[in-house]
Amino acid sequence: MGDNLTVSMSAELLDSIFEGARRLYPKETFLLLRGKKHKGEVRVIDLVVPPLAVYGYGFANMPFHMLPMDFSIVGTVHSHPSGDINPSDVDINHFFGRILMIVGYPFMDVRNVAVYDSKGEKVPFKVTEE
């Protein structure tokens, strides 16, 4: 399971992700995750709206070559309006950073969230109050 990696994020940040997904529904949303890795934990501390991102029905993407060099980007998050929080082959093949987070409809709580490593293996995720 995920090379002993765990991922954490504040409840406030997760609520921001859910709010964005609800606003774009039924299109997919896509954000970059900014954070820090220390030992086996990735702590997501901020969200970045990617430049020139495209949000569509059944897909969301961005031109990664347009990103400035930013070593604080730890991964991406996108929504699955279908509610399925499993990664597709496209999700795994377009992996960027250390983690892939998927939020699924109805975008309400941690049951609608899954985090994966670059091999597509599920990684433990926890929400913090800070």
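Summary table
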item	result
Ranking of LYS126, LYS27 by count of other Cβ atoms within 10 Å, fewest first	LYS126, LYS27
Relative contact order of the chain, defined on C-alpha pairs under 8 angstrom at six or more residues apart (%)	30
Share, in percent, of DSSP beta bridges within the chain that are antiparallel, nearest 5	60
Burial ordering of VAL74, VAL127, fewest other beta-carbon atoms within 10 Å first	VAL127, VAL74
Cα shape, the stretch 75-130, gyration tensor, a/c 1.5 rule	oblate
Proximal lysines relative to LYS36, as straight alpha-carbon distance under 21 Å, when same-chain residues fewer than 8 apart are discounted	LYS119, LYS122, LYS126
Entry for Kirkwood radius over Cα pairs in Å (calculated from the structure that is shown) out of (1) 14.5; (2) 22.0; (3) 15.4	(1)
Ellipticity estimate at 222 nm from DSSP helix runs (n ≥ 4, -39,500 (n - 2.57)) divided over the chain, nearest 500	-4000 deg cm²/dmol
Chymotrypsin sites (Phe, Trp or Tyr not before Pro) lying in DSSP loop within the stretch 66-130, provided at most 12 other Cβ fall within 10 Å	PHE71
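Each reported figure results from applying straightforward, stated rules to the coordinates on display, with no laboratory input. None of these values were measured; they are calculated from a predicted model. Every residue, glycine as well, gets a Cβ built from its backbone with ideal geometry; the counts of neighbours run over all protein chains shown.
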